[in-house]
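Structure first, then comments.
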Amino acid sequence: MTNALFADIILPLAVRGRFTYRIPDNIAEKVSPGTMVTVQFGGRKLYSGIVCSVHEKAPDVKKIRPVISVAEGTPLINASQLKLWLWISEYYLCSEGEVMKAAIPSEISLNNYKPRLETFINLSRKYSEGELNEILDKLKKAPRQQDILSAYIRLTGYTAETDILPISKSLLLSESHCSAGILETLTDKGILTSASQPVSRIPDTDSYKEPIKRLSEAQSVAFGSIKTQFLEKDIVLLHGVTSSGKTEIYIHLIEEQLKKGKQVLYMLPEIALTTQIILRLKRHFGGITGVYHSRFSDPEKVEIWKRIAEKDPLNSYRLILGVRSSLFLPFSNLGLIIVDEEHDGSYKQHDPAPRYHARDSAIMLAAMHNAKTILGSASPSIESYNNAVNGKYGLTELKERFGLIKLPTIILANTREAYRKKLMVSHFTPELLQSMDEALSKEEQIILFQNRRGFSPYIECSECGWIPVCIQCAVNLTYHKGIGKLVCHYCGYSTGMPSNCGNCHSTGMVTRGFGTEKIEDEIKIVFPAARVARMDQDTTRNKNSFNKIIRAFEERRIDILIGTQMISKGLDFENLTVVGILNADNLLNYPDFRAHERSFQLMEQVSGRAGRRQKQGKVVIQTSDPVNKIIRLVLRHDYIGMFRMQSGERIAFNYPPFSRMVKISIKHKDRTQLNFYSDILGRDLKEIFGKRVLGPESPVISQVQLWYIKTILIKIEREKPPAKAKQLIIEAIERLEKEKGASALKIAIDVDPY
């Protein structure tokens, strides 16, 4: 085929490699890197794929399938996005197709992006003042019709001298308190007209912009330090205590980049955090500010995507606030990426692939755009602080709160002693109850942190100790009182609350432990006059749930807010003075090498919500082990002490950041088969990596959705090239996949597990 053109295409499949198709002459001019095309793959299945390259080298196969069609309005993906997809697939050992599925909203395809239509109402023609009064007079006998026309005139400000303006049908009906049938009568009479128009799914922003605030002396020093370090380094870690004013420094850095015509990506780990910060950003930067996260519908995501790709600066988003998926948006001119709360585990994608870390991927994305990266945290990850100490990153520190407000006082409440002396009231120590009582008497607000949702983590037979477990997963079922069911938090299986023990048939079933739902119930008993709300995964399933709860707390319509880790960071409440951490032991006693680091970070972050404005806050940490080393470090807000302690332990046991890690999860629905195949892979890897291989072992949760699980952990020396080690891991897995019967296995690779 002389002069024939071919396209290498990424398809949304978990298959490594790209696929080559012939480009028919009639569409050749439309096909270029980044365009979306339709191709046939396998039997008769059609897929939308992304073109990576166009060339004249025919593949060495007998039959080359043609590209079927090209989407209008493409290229959809730019060169920087394709480059990021390739890096993520190579670094995190997944296919580019898996990255594509994560990156592109599903409604960006060949035939189904459809604009949102809204009905607008207009006057049928220009009327003189006399004609309009005559019409209104005639409608006196039909007062509801008169109400609609009067509302139209009032809302549009129409006079004979002004232009005719359209108004949305929904607004007109709402303001006139009339039905659609009455409006239809007016359109039938030819007084009003009705027409559908495409409208934005994203609410308009007020064009008024507030001036940016002046920085304090400490903030100015930090701001200058960051700019100076950016002359030599591309990444700077901003380590600032809670409420030190990091966000205001970000805003000044953003303004500089926007003045240069650059784009800025501001990343946060939790959707809940976008609620407050997006309002601050829009007040300063107006309509060029957009937000992007998973709670948006696919059509809304498509609209945001297109507004970022838009070349017209008046209609494009140049500042994006987003969670980890915002990395994949079509940036073309990034100047700065801010990764706030950079330590947070929510930046790591666990399932499905790609199992990427958004912080590390953001650093790579910034490098591809020759942009700068700011990592911000009050309690940085061990990895990031180690990079700063070693000079790989710049380091700027803010050691005082804005306005010189003192860090909160921390009180340790010994639950073991309180139980022994019978001083506990439900799950609350005397110290916590007294602090709450004092705050409520002053009309101040309280947050209670418990990192378990539901009413009770499990129920148990008081006679024989039987505990109901999930029929699909090796986990106890959590009791949710509100819905009256036991629920599995891993697969979603639920069942009714049993009246009898499944083992001895006793009726003595009792709840054990406590989650946020139970705390909510019991706080209402202890403080019946207080207004109580709960913020966890169960109460924030709807799109606007976060906004409603946070707004109610800001407006002081909630006295006590109970929540999981989503309330622990980033939120800023003026009247919040008391924070209670109800069970610090649960955080510390988790079988993971990061457990102590995470515990410190979580307690430090949730403590930082208290006393952020004019009053010093108070934090009560309930624990049965008040002499625990991590808790004593939290008591002193001693991040450096935690960093040194954890660094020493990780050097001794060869854990990150002093080694690289790869975790392989092997799954099979037959336990015996799983043991057989995982042992084969383990032996193969140990021949390559020796004692650096741990396992195969059963994880804490050894069965999920009927799949039994074994894991293998591989530690790779930091100084050795990771690409070679990863290639050896891939080859070992491919050898296993060729074993007879291995097709029933599921194998997942997690690079840099978090």
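Readers should treat all values here as calculations from the given coordinates under stated rules, not as data from a laboratory. As the structure is a prediction and not an experimental result, all values here were calculated from the model. Note that each Cβ is placed from the backbone with ideal geometry, even for glycine, and that neighbours are counted across all protein chains shown.
Odds and ends about this structure:
- The distance separating the Cα centre of the range 56-97 from that of the range 355-429 comes to 39 Å.
- Karplus (6.51, -1.76, 1.60) ³J(HN,Hα), θ = phi - 60°, over the range 623-628, in Hz, Gly and Pro reported as x: 8, 8, 9, x, 9, 3
- Dipole magnitude for the chain: about 1020 debye, using +1 per Lys or Arg Cβ and -1 per Asp or Glu Cβ, origin at the Cα centre.
- Neighbour counts of C-beta atoms inside 10 Å place Glu255, Glu554 in the sequence Glu255, Glu554, starting with the fewest.
- Arg534 long-range amide H proximity, modeled H, under 5 Å: Ile562
- Pairwise FRET efficiency - Asp670 versus Asn586, Cβ, R0 = 41 Å, nearest 0.05: 0.75
- For the range 673-748 and the range 641-665, distance of Cα centres in Å: 21
- For Tyr292, residues with placed amide H under 5 Å, excluding near neighbours: Leu321, Gly322, Val323
- Listed peptides 356-362, 299-305 by packing density, highest first (mean Cβ within 10 Å): 356-362, 299-305
- Charges were assigned to the Cβ only: +1 to each Lys and Arg, -1 to each Asp and Glu. The resulting dipole of the range 217-402 about its Cα centre is roughly 360 debye.
- Around the Cα centre of the range 350-484, unit charges on the Cβ atoms of Lys, Arg, Asp and Glu (plus for the first two, minus for the last two) sum to a dipole of about 200 debye.
- Whole-number percent relative contact order across the chain, with pairs defined as alpha carbons under 8 Å at least 6 apart: 11
- In terms of its alpha-carbon gyration tensor, the range 226-283 comes out oblate; a/c meets the 1.5 threshold, while b/c is at least as large as a/b.
- Protection-proxy order for peptides 33-46, 80-93, each taking the mean of Cβ atoms within 10 Å per residue, highest first: 80-93, 33-46
- Burial ranking of peptide ranges 229-240, 528-539, 714-725 (average Cβ count within 10 Å, highest at the top): 229-240, 528-539, 714-725
- Segment Ser53-Gln537, length gained on full extension (0.36 nm per residue, minus Cα span): 170.0 nm
- Using C-alpha pairs below 8 Å separated by at least 6 residues, the relative contact order for the range 456-513 is 40 percent.
- When the listed pairs Lys260/Lys306; Lys209/Lys306; Lys306/Lys399; Lys306/Lys392; Lys57/Lys101; Lys233/Lys691 are checked against a 30 Å cut-off, the alpha-carbon distance exceeds it for Lys306/Lys399; Lys306/Lys392; Lys233/Lys691.
- Contour excess over end-to-end distance, with Cα ends at Lys524 and Ile651 and 0.36 nm allotted per residue: 41.0 nm
- Average Cα contact separation per residue, the range 251-331, under 8 Å, 6 or more apart, as relative contact order %: 40
- The range 1-50 and the range 530-563: distance between their alpha carbon centers, rounded to Å: 48
- For Tyr708, net neighbour charge (Lys/Arg +1, Asp/Glu -1) across residues whose Cβ lies under 9 Å away: +3
- Neighbour counting of Cβ atoms within 10 Å sorts the residues Phe600, Phe676, fewest neighbours leading, into Phe676, Phe600.
- Listed options for percent of Cα pairs over 40 Å apart are (i) 41; (ii) 46; (iii) 74. The value calculated from this structure is the one marked (ii).
- Model label points for His505 and Gln434, set 7 angstrom from Cα along the Cα-to-Cβ axis, are 5.2 nm apart.
- Candidates Ala180, Ile153, Ser170 compared by Cα position along the dipole of the range 125-190: farthest toward the positive end lies Ala180, with charges placed on Cβ.
- Karplus 3J(HN,Hα) series, Hz, for the range 707-720 with 6.51 cos²θ - 1.76 cosθ + 1.60 (x for Gly, Pro): 9, 6, 10, 10, 10, 10, 10, 10, 9, 10, 4, 4, 7, 8
- Extreme residue, positive dipole direction of the chain, given options Ile471, Ile716, Gln197 (C-beta unit charges): Ile716
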